[in-house]
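I have placed the structure first, in the form of structure tokens, so that the comments after it can refer back to it.
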Amino acid sequence: MKKFRKVLDGLTTSSPGGGTVGSPSCGSAAGTPTAAAANTPKEVDVQETLVSENFQLCKTVRHGFPYQPTALAFDPVQKILAIGSRSGGVRILGRPGVDCFCQHESGAAVLQLQFLINEGALVTACADDTLHLWNLRQRRPAILHSLKFNRERITFCHLPFQSKWLYVGTERGNTHIVNIESFVLSGYVIMWNKAIELSTKTHPGPVVHLSDSPKDEGKLLVGFESGTIVQWDLRAKKTDFRIYYDEAIHSASWHHEGKQFMCSHSDGSLTVWNLRNTSKPVQVTFPHGKIQKDGKKESCKPILKVDYKTSRNSEPFVIFSGGLSYDKAGRRPTLTIMHGKAITVLEMDFPIVEFITLCDTPYNNEVQDPFAVVVLLEKDLIVVDLTQSNFPVFENPYPMDVHESPVTCTAYFADCPPDIIPVLYSIGAKHKKTGYSQKEWPVSGGMWTLGSHTYPEIIITGHADGSIKFWDASAITLQMLYKLKTSKVFEKPKQSEGRASELVDEDPFAVQTVSWCPQSRIFCVVGISAHIILYRFSKYDANTQIVALEVRLQCESEDVISPSENENNPCFSEPRSGSHSPQPHQQHPASPGGGTPEGVKDSALCLKVKDRVVRVPPGYQAELVIQLPWLDGEPPQQISSLDINSAYGLLALGNCNGLAVVDYLQKSLLLCMSTLDLYGAADPYQRLTRSPRRNRQSTSGLTELSDNQQSVDMERSKSPTSVHYPSSLHNDPRVLPEPVASLRASHCSPVFYLLDNVKGPGRKLSLPTDLKTDLDHVNGHCTSPTSQPCSAGKPRIPTGPEGPRLARRGPGRPPFRKAQSAACMEISLPVSHTEGYASRRAMLQQLHGVAMYSHDEHHTTCWSERESRENSFSRSRSSSVSSIDRDTKEAITTLQFGESYGRKGDALPTPCLWVGTSLGVILLVPVSIPTDQDERMEEPVTIGPCGTVLMLKGSVLRFGFLDCVGALIQSPYEVWRDPNAPEDPDRPRKRKLVHHSPSSSQDACGEGHLAVVCSERQAKVFLMPSQSCLFVHNITESSFVLRADVVSVCNSVCLACFCANGHVMTLSLPSLRPLMDVSYLPMTDMRIARTFCFTNGGQALYLSSPTEIQRITYSQEMYDNLQEMLGELFTPIETPEAQNRGFLKGFFGGTAHTFDREELFGEAAAGKGSRSLAQHIPGQAGVEGMKVAASGAVGELARARVALDERGQRLGELEERTALMMTSAESFSKHAHELMLKCKDKKWYQL
């Protein structure tokens, strides 16, 4: 534990991390925190408790449906299910809470899964022709052995019940036998040329089926793709019979008596073969093939799999997938159940990958009595109940519907109020589907108990169809609580409605961002159509009319300011768009100012809010909708940042045009300003001011720069009902200092033209062809876009008739497009520095939804030399007008309300809005709010910029506030009260506010607080109100931060960061010491960047695939407790005993021959297998396994370990039985003694 004491008395002290002493504006090298001096008598005494030993990064659990599933297996004794995927993943499921994910290091697709029934092991066959044996007797399964086939490709595997010999069929038609215990090949091989007749001239094809006869385990049925079926006598090493059928075979299934079997074929037929006569099938049926008028049968699709299961009390079941006729176009995939004469066709929503029939017995020579069918679809998992005639499905207890609509955003809240989960569940339970089977979920294996280290956690997912799902994520499980549909707020969009018809016709309601206050239960949703919906929670239904508010946060596109004559930069020979102030707001349905400016007449809303009273059910009820309209044919910029504060009753939103603040209690707009106007006279970049959008024909004139810009800005923003005001009072270019003019940068990177090429009205945003070409050659390694200067000599100029028009639009106006689902983004990031520049712009474009300017890409110097050294990078420069003015807009990237000090001279904290921009600038906007409740609802809120500007490198990502003892300051909030609850005349409802003042817990330290700011490259800690920089840390030089948050870990606070190069880092607060830096996950696609989020308790999550949520922890405490929280996959269960066949059945039905496979396949009889054919690879299951691998005794150790485990379990069971026997003996002795005493004195005839 280290204690940091910083005396800020104007003297420079050394950094706590051992770095060099620096000024407040001088950054340190990457990975080195720097302490900066400040002229203030205050003392900051922070005792930091976090050390590196508190952090450990690991995956915890994966939720959702396995992406691109390929295989399915079920253990009928343990009752656990395994699903393999194309990416090499294996999900093992048991009872709710038992959910385990395993990953093959090779990443090869899983072809087939085979459980060692009731043995706690699983065999996987992968597409790289490798067999793996997984040990499931531990909470985190590990590979014990692997066997790599070198010359032949694996096509099918079969493991008989209670056998240690695995049959492996290959593409060449051979069948090999593998010993499961040692995982080595047997010398016994069934060669294809011995299985077929010598007279056969053609190869039978790959092995597609292997199964042992229920009647005799020494007979193996081998099916070849060409239609050849062979029964091989394992003892005699010869064939019993051969069947040659014209149609290709896909699967086969035995009758439990072993006298006949059924095959499915490629022509949609089912054939039944009797062993007495194999010359022709006993029965040939086309279940879905009807006879046409000309007497011919319809051609049908292949039947991919068939199961032939007998039932004790009814007709046998024949279950198969496929087989529909080709003529019926548009038919969905089907599962057909034939039970006697009844044929039931179950239509599926997605293609069937695999199905398994669940039976009461694991023995294949007993009556099967099937009770359910597990059907694995491409995007779903369903279980059909066979015990009821209507075949209902079971209600799935797993969260398999995360991807019901593609996930577009996520949010993660740990340590929520304990009452919020039951409330959401009770509301959501009213809308659950009905019609499910009443029986218990059949996959009920494993054990799971609620761990001791649990607290309420909620995950929120936003989707492309506008729906929001709340999930209970407590105790590393996931259960859906409540679903909210945002589309119900709007009228159904019509394709023919004017300007709005140019919008997206797909996914207009897609969710971009969500903001939730669990304490007040206020919920905000940002949509792709530039809208924000504010919801309040109520337990009662209500009739309500939604208020719509229009915010014209739009810049003028026709006020073209041409470059000066002496600019010879070929990149910008076309006219350009300037940076203008946004338009004033307009309430819906009427404008408060009465007059509409001339430039906003041609406007259209993207979506139409319902303008009538609607009945809303209990739950989240929409109260306010804020919309950004189209203006003059230009779509609104997407909203890039949002924050809401229930205590203040304010909502702030920003995009690349500017900032707007809305009072949602009074339903009024308080502030609507461009980012440039927020600076007032404190603009660090000395950019040109622009004329307001009032008269499109007027040209900008020259006036003197006024000194009272700040006061005018404050004055004009006081009344929310004032007339339309000009957003900027000056339209003269400011006189720039000579050093600034010499350091102006020009955008010569080809990315600007590439981005322009995708900005036509109504088009969907997609990467242009040449950028795609650059990205196609990348493996996903992120490099710094700022490590190399841009080439200024060879810009790419758009050619063709669209070139000038597209260039004039400017990069700040992307059109609306189909919602970029976080589940479907696969954009690789380039390795090379030259393409890295372009791809980062493209990545930020997709990540934030706006054309953003990053401070790292071009930086002009206008402040002190110290600040310029810290915030500038090596760039190509030219003497043209600053590219900040010309081609880019400064986007609002993050917002946060809180109690702070807006000015240096403030004595007490007041409500403030912290604004972060893409240029690395932090602006403070003080807010004056009436304290009385009645006045709050009537008096206007005063808000306006105060000129406070702070800076750091890169686009600002996150704010956090600490008091002067290092404790996290929570934002104030309003305690939830039901807006629709019945009125109580005796107790009028009042707003109850909870404030966490920065000075409430620091009497000894004096007033003030610490502000933590993190950007794409840098983190800084400022002391407020002096605004002095205490600590600086350059997070990365070779990459950039994608996500950052100030989180609570181990009763302390740290800064957590996720970088584009895959590094997860934590920094101490406030000293910004590096505590953890782990290369975890390269950011290979935008899905991870959009969905990665941190939360308290050392946890985080991201969308690992379009259908799965991966949760991770970076806390050592949770890592230590993870074993306790995970479920047990294997539980000791007695294997069911085989039924007694009886004398007559055994005598007349044939003898079930005892078959010793060890005698046939063992090394003594069959010899050793070919070493060149398959290579044994020991598993990485532990240090012992590695030692044994070195000594060449891997198999013996594995067997000894398994035997030891089994012996321990048996000893435990024996001990329990012994205790029971002792208890029983004592009881018997007691009763015998009592009986003896009772009968001792009686004669024999009295007994």
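Out of the residues in segment 377-409 meeting the condition of being of a type in the set (V, I, T) and part of a loop (DSSP other than H, G, I, E, B), tell me which one is least open to solvent (accessible area, probe 1.4 Å). Among those that are of a type in the set (V, I, T) and part of a loop (DSSP other than H, G, I, E, B), it is V402. Looking across segment 265-311, the residues that are at pLDDT 90 or above, over 42 Å from the mean Cα position of the chain (by Cα) and among the charged types (D, E, K, R) come down to R276, K280. With the requirement that a residue be assigned to a loop (DSSP other than H, G, I, E, B) and out of contact with any Asp or Glu (no Cβ under 9 Å at 6 or more places or on another chain), what does segment 443-464 give you? Of everything in segment 443-464, those that are assigned to a loop (DSSP other than H, G, I, E, B) and out of contact with any Asp or Glu (no Cβ under 9 Å at 6 or more places or on another chain) turn out to be V443, S444, L450, T454. Residues of segment 280-291 being exposed (fewer than 12 other Cβ atoms within 10 Å of the Cβ) and part of a loop (DSSP other than H, G, I, E, B), which ones? Correct list: K280, K290. Taking the criterion of being open to solvent by 60 Å² or more (accessible area, probe 1.4 Å), touching a Lys or Arg at 6+ places or on another chain (Cβ under 6 Å) and in a loop (DSSP other than H, G, I, E, B), would at least one residue in segment 314-328 satisfy it? So far as segment 314-328 goes, no, none of its residues is open to solvent by 60 Å² or more (accessible area, probe 1.4 Å), touching a Lys or Arg at 6+ places or on another chain (Cβ under 6 Å) and in a loop (DSSP other than H, G, I, E, B). Selection over segment 1102-1131 of residues that are more than 17 Å from T1084 (Cβ to Cβ) and either in contact with a Leu (Cβ under 8 Å, 6 or more places away or on another chain) or not in a loop (DSSP other than H, G, I, E, B) (or both) gives a count of 18. Each residue in segment 1124-1141 was checked for being within 15 Å of N118 (Cβ to Cβ) and either touching a Phe, Trp or Tyr at 6+ places or on another chain (Cβ under 6 Å) or small (G, A, S) (or both), and 1 of them qualify. The residue list L335, L358 contains one member that is more than 24 Å from the chain's Cα centre (by Cα), of a type outside the set (S, T, N, Q), under 22 Å from V98 (Cβ atoms) and not in a loop (DSSP other than H, G, I, E, B), which is L358. Looking only at residues in segment 1038-1053 that are within 15 Å of C1093 (Cα to Cα) and of a type outside the set (A, V, I, L, M), the one that is surrounded by the fewest Cβ atoms within 10 Å (Cβ to Cβ) is S1048. Checking segment 887-900 against the condition returns a match, with at least one residue being more than 27 Å from I644 (Cα to Cα) and at pLDDT below 50. What do you reckon, is G295 in a loop (DSSP other than H, G, I, E, B) and open to solvent by less than 30 Å² (accessible area, probe 1.4 Å)? Here the answer is no, as G295 does not meet what is asked. Go through the residues of segment 252-265 one by one and say whether even a single one is of a type in the set (A, V, I, L, M, F, W, C), in a strand (DSSP E or B) and within 20 Å of L1173 (Cβ to Cβ). No, every residue in segment 252-265 fails to be of a type in the set (A, V, I, L, M, F, W, C), in a strand (DSSP E or B) and within 20 Å of L1173 (Cβ to Cβ). Among the residues of segment 340-363, those that are touching an Asp or Glu at 6+ places or on another chain (Cβ under 7 Å) and crowded, with 19+ Cβ neighbours inside 10 Å comprise V353, T357, C359. Restricting attention to segment 113-138, the residues that are closer than 19 Å to Q78 by Cα, part of a strand (DSSP E or B) and either free of Cβ contacts under 8 Å to residues at least 60 places away in the same chain or of a type in the set (D, E) (or both) add up to 8.
P418 falls short on exactly one of the conditions (1) open to solvent by 20 Å² or more (accessible area, probe 1.4 Å); (2) over 26 Å from L1101 (Cβ atoms), and that condition is (2). Does segment 916-927 contain any residue that is of a type in the set (S, T, Y), modelled with pLDDT of 85 or more and open to solvent by less than 40 Å² (accessible area, probe 1.4 Å)? Yes; the residues of segment 916-927 include at least one that is of a type in the set (S, T, Y), modelled with pLDDT of 85 or more and open to solvent by less than 40 Å² (accessible area, probe 1.4 Å). I'm checking my understanding of the structure. Among residues of segment 47-76 that are among the aliphatic types (A, V, I, L, M) and part of a loop (DSSP other than H, G, I, E, B), which one is least open to solvent (accessible area, probe 1.4 Å)? My answer is L50.
Taking (1) of a type in the set (F, W, Y); (2) open to solvent by 10 Å² or more (accessible area, probe 1.4 Å); (3) modelled with pLDDT under 95 in turn, F183 satisfies each apart from (2).
In segment 367-376 there is no residue matching the filter, namely being closer than 30 Å to Q78 by Cβ, open to solvent by 10 Å² or more (accessible area, probe 1.4 Å), among the aromatic types (F, W, Y) and in a loop (DSSP other than H, G, I, E, B). Taken over segment 885-936, the criterion of being more than 22 Å from V956 (Cα to Cα) and without any contact (Cβ under 8 Å) to a residue 60 or more places away in the chain is satisfied by T910, S928, P930, T931, D932, Q933, D934, E935. Only residues in segment 386-411 that are of a type in the set (D, E, K, R) count as the first member; pair them with residues that are open to solvent by less than 50 Å² (accessible area, probe 1.4 Å) and assigned to a loop (DSSP other than H, G, I, E, B), Cβ under 9 angstrom, at least 6 apart or cross-chain, and list the lot. Within 9 Å, the pairs are E395/S437; E395/W441; D401/F65; D401/D380.
The values are calculated or read from the model by the stated rules, or taken from the named source; none is laboratory data. Here the structure is a predicted model, which means the values were calculated and not measured. Cβ coordinates were reconstructed from backbone atoms using ideal geometry, including for glycine residues, and neighbour counts include every protein chain displayed. Keep in mind that these areas ignore ligands, DNA and RNA; they rest on the heavy atoms of the full protein, side chains included. Shrake-Rupley method; radii C 1.70, N 1.55, O 1.52, S 1.80 Å.
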